[in-house]
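For reference, the structure is listed below as structure tokens.
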Amino acid sequence: MANENLKQAKKAKNDEFYTQWCDIEKEIMAYIEYNPDVFRDKTILLPCDDPEWSNFTKFFAQNFENFGLKKLISTSYAYESKNINAPYQISLFEEQAPHFDIDKTKIKGKIFTLDHDTNQNGVIDIEDLEWQYLEGDGDFRSDEVKKLRDEADIIITNPPFSLFREFIAWIFDAKKKFITIANKNCVTYKEIFKQIKNNKMWSGRTEWSGGLWFETMDKNNVDKVVNGVNLKNVSSVWFTNLEHGRRHQPLQLMTMADNIKHSKHKEVRGHEYQKYDNYDAIEVPYTDAIPSDYDGVMGVPISFLDKYCPEQFKMLGIMNTGEENKGIRYPNTPHGRPIINGREIYLRILIKRKT
């Protein structure tokens, strides 16, 4: 059933995007800078990966000794479990291996492991990766990948966006640390927002502006080509439950009066802050327009999560449409998006300043 659900999700949405090395390096090094031993003696699992092509596997394999890893495990989905608009391509790494099997290559997932110096050159790196076929197609919900999850200390990946709710539940069920990529709008899912509100997960180190650029094999779904590489921009961000320095940096804010007088935003400058028709809170359309001296409830855009400091603000709930979000709003908040002067605006996160 799990495999069938995965195939249906893939048909509904193409999730096959490859994260660029520069984006992985920028994000991961922030955790190293905050805590140089964050990965030391840890087993890292890279599920939902494609080890032969993925930069996640290459990056962590090349930094195995620098990070002091205990073990690296990487798994992939089988080609026939994906909905890819690209011809199947067997890597030389697989094809030249003694255990290459033409009957398995399209229908079985693969597992790559790295934990010792296989070629005895004195360094543990990408040249020491060992691999074999999985029993199944590599679905992260399969029993064999669950066993790998349970073995791991930290899970790091770019999972299928269409399965993100299930993926996060899969991680939390095992109480694991993680770093992952997701579509920005995942914060509207009640399962996800609940974890964010309770400070069980938060925005990663990389800022939210502009989304991420991914490599894609789908030539019909390309935004630009750079040095022969097809790139697609996706409204996506990093989420984690590992600490990093930016998470505890309070926002430097102006008073309400100074915002009204000096804000760079024309919607704020020269105007009083408006209250919602359907809830007792003020509308703050931009994170940098949050007034430093207002003690009541404020509605802010989801981009606020990029700058959220739990020591500075308390997160109360979310105003949003959709049956799936019932039960996660602040007490007595009406269902639906916030309304100002009879006009419905985009969803808002409700916050209050800590005093």
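Values as computed for the structure displayed
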| quantity | calculated |
| --- | --- |
| Under the Karplus curve 6.51 cos²θ - 1.76 cosθ + 1.60, θ = phi - 60°, whole-Hz ³J(HN,Hα) for the range 243-253, x wherever Gly or Pro sits | 6, 8, x, 5, 4, 10, 9, x, 5, 8, 10 |
| Estimated distance in nm for a label pair at Glu207 and Asn227, the labels positioned 7 Å out from Cα along Cα-to-Cβ | 2.4 nm |
| Sum of side-chain charges, Val268 neighbourhood, beta-carbon under 12 Å (Lys, Arg +1; Asp, Glu -1) | -1 |
| Dipole in debye (nearest 20) - the chain, about Cα centre, beta carbon charges: Lys, Arg +1; Asp, Glu -1 | 1740 debye |
| Gained length - Lys200 relative to Lys175, 0.36 nm times residue gap less alpha-carbon distance | 8.0 nm |
| Highest average packing first - 70-77, 160-167, Cβ atoms within 10 Å | 70-77, 160-167 |
| Average Cα contact separation per residue, the chain, under 8 Å, 6 or more apart, as relative contact order % | 14 percent |
| Amide proton proximity set for Leu212, modelled H, under 5 Å, gap of 5+ | Val234, Ser236 |
| Farthest positive-ward along the range 2-246 dipole, Cα basis, beta-carbon charges - from Met201, Trp21, Gln132 | Met201 |
| Dipole in debye (nearest 20) - the range 104-229, about Cα centre, beta carbon charges: Lys, Arg +1; Asp, Glu -1 | 860 debye |
| Computed lengthening from Ile107 to Asn183, 0.36 nm per intervening residue step minus Cα-Cα distance | 24.6 nm |
| Positive-end residue of Leu242, Tyr276, Ile260, charge dipole of the range 218-306 with Cβ unit charges | Leu242 |
| Calculated diffusion of the chain, Stokes-Einstein form, Kirkwood radius summed over Cα pairs, 20 °C and 1.002 mPa s, µm²/s | 97 µm²/s |
| Percent breakdown of C-alpha pair distances by 5 Å bin, ordered from the shortest bin, for the range 174-288 | 2, 9, 13, 14, 15, 15, 15, 9, 5, 3, 0 |
| Table column - 3J(HN,Hα) (Hz), the range 222-239, Karplus curve with 6.51, -1.76, 1.60, x for Gly and Pro | 10, 9, 7, 10, 10, 6, x, 9, 7, 10, 10, 8, 10, 6, 9, 8, 8, 10 |
| Cα→Cβ-extended label distance, 7 Å offset, between Gln132 and Glu191, nm | 3.1 nm |
| Projected label distance in nm at Cys309 and Ile339, using a 7 Å step from Cα toward the beta-carbon | 3.7 nm |
| Under 5 Å, built H, 5+ apart or other chain: amide partners of Phe178 | Ile155, Asn241, Leu242 |
| Lys110 long-range amide H proximity, modeled H, under 5 Å | Ser76, Leu134 |
| Length gained when the stretch Asp288-Arg246 is fully extended (0.36 nm per residue, less Cα-Cα span) | 13.5 nm |
| Largest-first ellipsoid semi-axes for the range 110-228, taking √(5λ) over the Cα gyration tensor eigenvalues, angstrom | 28, 23, 16 |
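Coordinate-derived values only; no laboratory data. Since the structure is predicted, the reported quantities are computational estimates derived from the model, not experimental observations. Note that we place each Cβ from the backbone using ideal geometry, even for glycine, and neighbour counts take in every protein chain shown.
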